[in-house]
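Q: Quick one: this structure, given as C-alpha cells, is what I'll be asking you about.
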Amino acid sequence: MKFHVLGNETKLEIDVLRRNYPDSRDYWDANWVASIIHLEIPGYVVHFEADLRTDELKEFVDGLRDMNERLHGTAILKNLDNYIHLTGSMNPLGKISWILETLYPVGTGAQLSCDFESDQSYLRILIDELDAVLEAFPVIGKADRV
C-alpha cells in the first residue's frame, strides 16, 4: 500500500508493507508498520526501510483533509523514531509548500532536508491513497492518557 507526495522535481513514495506486531492488540505495539521510504529529488535518490505508526499516518491524513476542505492550513507527518518529518502548508493561491527531513539510520544516520512545492490538485489523490493504507492498516486501540 503506497502513498505519494509529488512536487516540482520531487517524488516521495512511502510503501506500507505490514504490521510489525500483527498479533498485538496493544495500542503502542500494534500500530507499528514496516515501510519503505523512497525519495527522488534533483541530485539524490534515497531508499530505506522505516518503522512508522498508523496513528501518525491518521493524524497526517486528518490534517490533509482539513487543509483540502478549508483551502489553507498545515498537515504534519512526524515519525516517533525521526525517520521522516514532513510538513505541508497551503498558501492562499492553493500551492502547498512542503518541508521534508529524513534520517537513516535512526540516531546517528545521514540527514537529508529539502523543500518543494506542489499544487493542491494532488491533495485529493494523496488523501485517497492514505485512506486506502489506513483501511488496510487501521489504528488499533487508543493511547492511554497519563
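The values are calculated or read from the model by the stated rules, or taken from the named source; none is laboratory data. As the structure is a computational prediction, the values presented were derived from the model and not from experiment. For neighbour counting, all protein chains shown are included, and Cβ atoms are generated from backbone atoms with ideal geometry for every residue, glycine included.
Q: Quickly run through the range 67-89 and pick out the residues that are surrounded by 15 or more Cβ atoms within 10 Å (Cβ to Cβ) and among the hydrophobic types (A, V, I, L, M, F, W, C).
A: Within the range 67-89, Met67, Ala75, Ile76, Leu77, Ile84, Leu86 meet the criteria.
Q: Can you name the residue in the range 44-66 that is of a type outside the set (Val, Ile, Thr) and in a strand (DSSP E or B) and is also surrounded by the most Cβ atoms within 10 Å (Cβ to Cβ) among such residues? So that I can check it myself, show each step before the final result.
A: Here is the first cut: in the range 44-66, the residues of a type outside the set (Val, Ile, Thr) are 44, 47-53, 55-60, 62-66.
Subset that is in a strand (DSSP E or B): 44, 47-53.
Numbers: Tyr44: 9, His47: 11, Phe48: 17, Glu49: 13, Ala50: 20, Asp51: 14, Leu52: 25, Arg53: 22.
The extreme case among them is Leu52.
Q: Are there any pairs with C-beta distances below 7 angstrom linking a residue in the range 117-146 that is of a type outside the set (Ser, Thr, Tyr) to a residue that is buried (at least 16 other Cβ atoms within 10 Å of the Cβ) and assigned to a loop (DSSP other than H, G, I, E, B), with the two at least 6 apart or on different chains, and if so which?
A: These pairs meet every condition: Ala132/Met1; Val133/Met1; Ala136/Met1; Val139/Asn31; Ile140/Asn31.
Q: Tally the residues that are outside any loop (DSSP other than H, G, I, E, B) and exposed (fewer than 13 other Cβ atoms within 10 Å of the Cβ), restricting the search to the range 90-124.
A: 5
Q: Still on this structure, please answer the following. Condition first: over 16 Å from Leu57 (Cβ atoms) and either at pLDDT below 95 or not in a strand (DSSP E or B) (or both). Now tell me which residues in the range 12-43 satisfy that.
A: Scanning the range 12-43 gives Tyr21, Pro22, Asp23, Ser24, Arg25, Asp26, Asp29, Pro42, Gly43.
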